Every structure is written in structure tokens, then in C-alpha cells.
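The next block holds one structure in the form of C-alpha cells; read it before the comments.
The values are calculated or read from the model by the stated rules, or taken from the named source; none is laboratory data. In this text the structure is predicted, and so the values were computed from the model without any measurement. We place every Cβ from the backbone using ideal geometry, glycine too, and count neighbours over all the protein chains shown. Surface areas here come from the heavy atoms of the whole protein model, side chains and all, with no ligands, DNA or RNA. Shrake-Rupley method; radii C 1.70, N 1.55, O 1.52, S 1.80 Å.
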Amino acid sequence: MIVLTGGAGFIGSCFLWKLNQEGIKDILVVDHLDGSEKWKNLLGKNYYDYIQKNDFFNAVITRRVPKPEAIIHLGACSSTILSDADYYIKNNYEYSKVLALWAFELDIPFIYASSAATYGDGSNGYDDDISKIKSLSPLNMYGFSKHMFDLWLLNNNYLSKTTGIKFFNVFGPNEYHKGDMRSVICKNYETVLHDGLIKLFKSYNPEYKDGQQKRDFVYIKDVVEIMYFLFKNPSKTGIFNIGTGKSRTWNDIVKSMFSAVGKKENIEYIDMPETLKIKYQYFTEAKMDNLRKLGYTKPFMELEDSVKDYCSYLEKKSYL
């Protein structure tokens, strides 16, 4: 049995799909199904049971969960705009520590989601070398909560027992429920399709023109391939970036959308909210050397091909 926390979420449900594609169905899905339509991510998936996150946490504390073969811990509060630090600490830090210690007690693989948000403004680079963890300065509480857990593992010499994943700008099917945290593609598909218009934030950094801010956009289908590789190679421990290693501009990604739906490009640049200006990342690009050194050789889909593929799902609002 495999424990998959966050299994009804965006990345979690897509990884559940990948496990099913590989014939793996003995999975305990853990999540927090609420008033959103996140539950739809589980339709058509194969798993042996589902449990709400708080019930699972209590069951782990009292050791009422059968021993799993592995724990894949993707569940977390991923909002970057909440101000409740206590909520982040309990959900992203304390919860993760309990699961990690349980995995170490059972001597089973523990794979968890860190985040590219731990890199902050990128002034210290986007290198997943663990010797550089302590130099990182996240820009928001979400990134800090993930950084705290990375540091806890490092300071307690647990990284040799774990596999951490730093996701960059992941997009693709199954993110419909994420509200403001959806990708720009998901949020703007209908507007681009029907109004032929998209709005992007202006740049307030003289080094970047409007729309030329850059991100490492990575398609969910590439992400789950890497995750499955790490899952099948539990001896390859450490913390690894999951991006493409190639940053692209916001203009690139929205132009790909216009092309995918057959519309003429029409981009309007709007003011950025004051609260975002001091936390805004103008450039992200994953350094992927460590993952390649592990032996992962598959190429990434080109951005334009990824966006076109995703739009075919958005057209029908279909899921992986």
C-alpha cells in the first residue's frame, strides 16, 4: 500500500493517474475535500481507500494505519497570499514532521513536496544543492513553511532518508479547483477563447519589459514522469528541482494560448497590486543538473506543445 497525501489535489491526482497507468492501485489517498470541486479529480481513478487529512493525522499519531510501502507527501496549503502563519506551520511544517518521523520509524521511502518558493527572489540562484539551503530567503509564508521543513531535515541529518521535490511553475489538467492559484492558462482560457484578450501585470523592474518577466513553466505530464522515476528509485535521496531548466516569458506562454485557440494576439498590461510588488519573482529557472546526474534522461515537452495539449483539455474541461 502507498500513502499519497494531497492525492485529490492538482499534482497529487495527476500522479495518482500516473500510478494507475503503471498498474498501481493499492493506494490510500489522503486529502481535505471541501466546498470546491476538487473531488472531481478523483473520478475515474483507482485507489483502495480515501481518508480526510485530519483523520489520517490522528490515525498516524495513534499508529492505527497499516504499514505502507512508501509515503508520498504532497498535501499542503499552497496558497501564497494567506496571512495566517499558524495555519501554514501546522499544515506544512508540523504535519510533515509527523509523517516523516513515521516513515523513518518504519524504514520506508518518504517523498515530499518542497517548493521553488523557497528560493525567494532568486538572488541566491535556483540550485538544488543541499549545501545552499541555509542561504535561501523565501518571499512569503508559504515558501518559508516549506523552507522550515527542508531545514529541519537538513539539521537533523534526515535528508539521506528522504526525497524532496521543488516544483516550479506547474500547469496542466486537474487544476480547475485552485481558484486564484490556477495557472494563467487555466484562469484565462475562456477569456482568450471568447474575447480574444488577456491581461498581464506590468513590469516594475527596469531589467524586464512588460510581459518579459520569466518563469520556468513545466507541464504536469512531464512532472509526473519525473516523480515516477524518483518513486521507482527510492535510493536516490536529496532535494531535486522539477522544472524544465529553461525559463520562458509570460508573453511566450500567452502567445502560445492565442495560437492554440486560433486567435490573434491581444495582450493588455495592467497595474500590479501593491501587496504583490514586494514579493514578485521576475525570474525563475530550475537548475536541473542533479536530476540528470541521477539518470533521468527524458526530454521535456516544448512550451508551445504543452500549452496546445493543455488547451485540448480546457476545451472540454476534461481531466487526467
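The table that follows gives values for the structure above.
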item	result
Residues that are part of a loop (DSSP other than H, G, I, E, B), closer than 30 Å to Ser83 by Cα and of a type in the set (Lys, Arg), drawn from the range 262-286	Lys279
Matching residues, the range 23-37, being open to solvent by 60 Å² or more (accessible area, probe 1.4 Å) and out of contact with any helix residue (DSSP H, G or I) (no Cβ under 7 Å at 6 or more places or on another chain)	Lys25, Asp26, Asp34, Gly35
Restricting the range 165-217 to residues that are charged (D, E, K, R) and without any contact (Cβ under 8 Å) to a residue 40 or more places away in the chain, the residue that is farthest from Phe149 (Cα to Cα)	Asp195
Any hit, the range 242-261, residues being under 30 Å from Asn157 (Cβ atoms), assigned to a loop (DSSP other than H, G, I, E, B) and open to solvent by less than 50 Å² (accessible area, probe 1.4 Å)	yes
Conditions (1) closer than 18 Å to Val223 by Cβ; (2) outside any helix (DSSP H, G or I); (3) out of contact with any strand residue (DSSP E or B) (no Cβ under 6 Å at 6 or more places or on another chain); number of the one not met by Val307	(2)
Scope the range 38-53; condition open to solvent by 30 Å² or more (accessible area, probe 1.4 Å), in contact (Cβ under 8 Å) with a residue 60 or more places away in the chain and charged (D, E, K, R); matching residues	Lys40
Qualifying residue in the range 3-14 (condition: open to solvent by 80 Å² or more (accessible area, probe 1.4 Å), part of a helix (DSSP H, G or I) and not small (Gly, Ala, Ser))	no
Matching entry among Lys67, Lys45, Lys40, Lys97 (being out of contact with any helix residue (DSSP H, G or I) (no Cβ under 7 Å at 6 or more places or on another chain) and not polar (S, T, N, Q))	Lys40
Only listed residue being over 11 Å from Phe217 (Cβ atoms) and not acidic (Asp, Glu), chosen from Thr249, Thr297, Thr284, Thr244	Thr297
Hey, Ile267 out of contact with any Asp or Glu (no Cβ under 7 Å at 6 or more places or on another chain), open to solvent by 10 Å² or more (accessible area, probe 1.4 Å), over 30 Å from Ile71 (Cα atoms) and at pLDDT below 95 or not	no
Any hit, the range 278-289, residues being of a type in the set (Lys, Arg), modelled with pLDDT under 95 and open to solvent by less than 80 Å² (accessible area, probe 1.4 Å)	no
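One line per residue, one yes/no per condition, for (1) within 18 Å of the chain's Cα centre (by Cα); (2) more than 21 Å from Ala103 (Cβ to Cβ):
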{"residue": "Ile2", "(1), (2)": "no, no"}
{"residue": "Thr5", "(1), (2)": "yes, no"}
{"residue": "Gly9", "(1), (2)": "yes, no"}
{"residue": "Ser13", "(1), (2)": "yes, yes"}
{"residue": "Gly23", "(1), (2)": "no, yes"}
{"residue": "Lys45", "(1), (2)": "no, yes"}
{"residue": "Phe56", "(1), (2)": "no, no"}
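Okay, residues lined up against (1) open to solvent by less than 80 Å² (accessible area, probe 1.4 Å); (2) of a type outside the set (D, E, K, R); (3) assigned to a helix (DSSP H, G or I); (4) modelled with pLDDT under 95:
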| residue | (1), (2), (3), (4) |
| --- | --- |
| Val60 | yes, yes, yes, no |
| Pro68 | yes, yes, no, no |
| Ile71 | yes, yes, no, no |
| Ile81 | no, yes, no, yes |
| Tyr87 | no, yes, yes, yes |
| Asn91 | yes, yes, yes, yes |
| Lys97 | yes, no, yes, no |
| Tyr112 | yes, yes, no, no |
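Listed here are the residues, each with its yes/no results for (1) farther than 16 Å from Tyr88 by Cα; (2) surrounded by fewer than 18 Cβ atoms within 10 Å (Cβ to Cβ); (3) touching a strand residue (DSSP E or B) at 6+ places or on another chain (Cβ under 8 Å).
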residue	(1), (2), (3)
Thr118	no, no, yes
Asp121	yes, yes, no
Asn124	yes, yes, no
Lys134	yes, yes, no
Leu139	no, no, no
Phe149	no, no, yes
Asn156	yes, yes, no
Gly164	yes, no, yes
Glu175	yes, no, no
